[in-house]
Structure formats: structure tokens, C-alpha cells
Amino acid sequence: MLLSIPAAFFTGLATSAGLIIAIGAQNAFVLSQGVRREYHWPIAGLCSLLDTLLIIAGISGMGVLISQSTLILQLITWAGGAFLVGYGAHALRSAMRGTTLDVAANQFGSLRAALLATLALSLLNPHVYLDTVVLLGSIGGRYAEQDRYWFGAGAALFSFIWFFMLSLGARWLAPLFRQPISWRILDGLVCIMMWTLAALLLTGNLSA
């Protein structure tokens, strides 16, 4: 069965793994929501779907267009930087306030609010475009048309595997986060990560 699958599929799977596993704002958000058990499956599904759409756009040629447009990159950069700073401030307030894991208490008031936050965190992060559209798009674009989409299928499949595993695995961390100090540490780390990414982004040092 495996012998009938082109090598491009496994190359896409491995390349996507190397990019997505790296610690970033999106992964921190999915992990945090997974620990809370708050809309974690829809959030994981939306992150995977967005990755898939961006990968398809990249291997279809959009990666070249974005990488050559200074205006588009600048707009994404400033919007992403502002969002990361704001989300980091929210995490800092949570760390200072302290909390415990309460499955009845939601960070978001509704599924719609949670999905909108996921969209913002994903689409206002230039690194997402650099990884999926530009980098995966440029690699996949080198293949012949049929293998190009096998490459994209492998890359997209790993995205689904990773985000759902991250969300599922977070449940085993739930007992730990019944202690206020655990949430303080997690929120503090999220704040540091978001502000570090924002600083690297706005100073031009964040790249794929």
C-alpha cells in the first residue's frame, strides 16, 4: 500500500513536521485551550483547515506573489505584531491574577469568540504564511503537477495529526493545572513567547 504512494507525499509530511512542531504562538494557544478543554476540538480543526488552505495556496503559486510583495508583508507584519502584543498582555494579566482549572469557566464566552481568536492568531501571524505559503509552497511548487499535490497532501495531513494530538495530549496536563502556580507559569510563558515573537517580528528578525 505504502509503495503506491509517491515519495513527494512523505517529503511533504516530514517538511511540515519540521515547521509545525517548532514552538510558536499558534501551538501555545492550542495547548492552552486543550488544557482548559474549552472548544479545543473546533480550534484544532480550524488551525488544521487554515494550514491546509494556505498550503494549497502556496503550491498553487501564491507563495511567490506574497514573497515578492513588500506591501503585503509589511501589512501582515504590523497587524501580527499588534495582535501578539495584545494577546501577550492578556496572558500577563492572567498570570498576575492567578487562576485554577475550572471546566465550567471559559476564557471565551462562546464558540464564535474562540474561533475568531483562532483566526486572528493564525492569520495575523506572518510566520504562518512564511511556513505554509512561502516555504512549503516553494518546495512543493518544484514538483510536477501530480506530485505537487501529493506533497501538499502530506504537509496538510501532518497539520491535522499535530494539532489534534496537541489538543488531545493536553488533557493529561489538566490535573497539574488545578494548581494556581501552574497557570501562572503557563500564562507567564505564553506572555514571554508572544512578546518575544512580536519583538522579533517588528524588528525584522523573524523568518522561516
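Read the figures in this text as sums done on the coordinates, not as results from a lab. Fair warning: this is a prediction, and the values are worked out from it, not measured in the lab. So basically every Cβ, Gly included, is an ideal-geometry build from the backbone, and we count neighbours across all protein chains shown.
Compared with the direct C-alpha span, the chain from residue 185 to residue 173 gains 3.0 nm at full extension, assuming 0.36 nm per residue.
If R0 is 35 Å, the Cβ-Cβ spacing of residue 41 and residue 70 corresponds to a FRET efficiency of close to 0.35.
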